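Each remark here refers to the structure printed beneath this line.
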Amino acid sequence: MISTTRLLGIAGLCAAVPFMGLADTSDKSIALSNNYAGNSWRQAMLESWQKVTAQAVEEGVVSAADAFTTAENQATEQAAQIQNMILQGYDAIVINSASPTALNGAVKEACDAGIVVVSFDGIVTEPCAWRIAVDFQEMGRQQVEYLASRLPEGGNLLEIRGLAGVFVDDEIHAGIAAGVQEHPDFKVAAAVNGDWAQDVAQKAVAGVLPSLPDIAGVVTQGGDGYGAAQAFAASGRDMPIIVMGNRHDEMEWWKQAHEENGYETVSLSIAPGVSTLAFWVAQQVLDGADVPKDLTVPFLKVTQEDLEEVLASTQAGGVANVEYTLDDAKAVISDAAQ
């Protein structure tokens with residue numbers, strides 16, 4: 001896995017390395033189809049897209065890189081959005097999908113029209129599309145692995161899931177289940193949906209806590225750790241070990257708790273700037289590069305030792321992040337081709 005320091009260092013390259021645009025794609029247009037923007041991760045993802053693609057357009061790498069987000073997290077609405085993009089004549093469509101399968105028809109229509117389709121985070125299974133993802137199952141499994149290192153006798157877990165039906169939610173959940181199977185002294189006492197949002201998670205956790213036994217640990221998907229901590233604090237229960245998801249408010253709470261009582265945990269999530277990697281992959285496909293259909297990037301993991309460094313570089317209300325350059329994308333493509 002790429003270290004936290006290396007991942008954070010990539011972000012700085014965006015300002016230091018000029019775009020290496022080629023004339024071959026200067027007249028090409030790329031659109032982002034996003035299904036949801038209701039949490040800090042998605043907002044950071046869109047901000048990274050805007051920052052990197054605006055410079056790419058200014059440098060003449062592509063002619064346009066427009067971003068669109070559906071009003072509701074519904075696959076039917078996003079499919080209609082993609083069909084509109086086909087009609088508008090975009091050369092490539094980058095997708096954060098509401099479903100791994102429900103958009104396949106619209107994606108196939110785009111491919112049949114000669115449009116490059118690159119999915120990331122919420123990927124699609126249509127074979128004509130490219131896919132960029134982290135090993136979300138491993139991200140879930142490592143949460144239980146960490147808790148086992150801290151709690152060798154096991155205990156009850158509360159699982160906070162993401163948006164129901166989305167690829168990411170299913171994969172992280174499968175990884176958590178695998179981790180519990182490896183460490184049978186743990187038991188998932190209850191699961192709630194936090195929709196990757198602090199306020200939703202806090203309400204969901206507060207609603208289920210009165211019916212739960214003692215909770216030793218909370219496994220999450222990102223964007224829900226601070227909300228869980230607030231719910232436990234309000235309930236008067238002992239604070240469990242809550243796995244965090246790289247949000248600024250989570251890490252700020254974690255830092256304060258560590259200073260007050262030695263609280264320790266771990267934090268991990270996919271970097272929102274993966275949208276910029278998807279942009280560069282689409283640009284490379286348009287430029288004629290031989291790009292494998294499945295690309296994997298490491299998730300960003302923050303340990304107790306990394307916490308203060310990462311927190312200092314994360315803006316308030318934001319998420320620990322990495323933004324990718326064209327050179328970074330070429331390196332990811334090269335690694336996948338080996």
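Counting only helices (runs of 4 or more DSSP H) that fall entirely inside the range 38-128 and contain at least 2 residues that are within 18 Å of the chain's Cα centre (by Cα), the qualifying elements are 40-58.
Going residue by residue through the range 50-71, is there one that turns out to be without any contact (Cβ under 8 Å) to a residue 24 or more places away in the chain, farther than 14 Å from residue 282 by Cβ and in contact with a helix residue (DSSP H, G or I) (Cβ under 9 Å, 6 or more places away or on another chain)? Yes, the range 50-71 contains at least one residue that is without any contact (Cβ under 8 Å) to a residue 24 or more places away in the chain, farther than 14 Å from residue 282 by Cβ and in contact with a helix residue (DSSP H, G or I) (Cβ under 9 Å, 6 or more places away or on another chain). Residues considered: 82, 95. Of these, the only one that is at pLDDT 95 or above, crowded, with 21+ Cβ neighbours inside 10 Å and under 14 Å from residue 36 (Cα atoms) is 95.
Only a single criterion out of (1) touching a Leu at 6+ places or on another chain (Cβ under 9 Å); (2) outside the structural domain of residue 96 (by TED's automatic domain parsing); (3) of a type in the set (S, T, N, Q) is not satisfied by residue 275, namely (2).
Exactly one residue among 181, 143, 137, 198 is polar (S, T, N, Q), crowded, with 17+ Cβ neighbours inside 10 Å and more than 21 Å from residue 254 (Cα to Cα), and that residue is 137.
Inspect the range 228-236 for any residue being in the same structural domain as residue 157 (by TED's automatic domain parsing), on the phi > 0 side of the Ramachandran plot and either assigned to a helix (DSSP H, G or I) or surrounded by 23 or more Cβ atoms within 10 Å (Cβ to Cβ) (or both) and give the result as yes or no. Looking through the range 228-236, none of the residues is in the same structural domain as residue 157 (by TED's automatic domain parsing), on the phi > 0 side of the Ramachandran plot and either assigned to a helix (DSSP H, G or I) or surrounded by 23 or more Cβ atoms within 10 Å (Cβ to Cβ) (or both). Within the range 313-334, the residues that satisfy the criterion of being within 19 Å of residue 225 (Cβ to Cβ) and of a type outside the set (Val, Ile, Thr) are 313, 315, 316, 317, 318, 320, 321.
The values are calculated or read from the model by the stated rules, or taken from the named source; none is laboratory data. For clarity, every value in this text was computed on a predicted model and none was experimentally measured. Here Cβ is always computed from backbone atoms with ideal geometry, including for glycine, and neighbour counts include all displayed protein chains.
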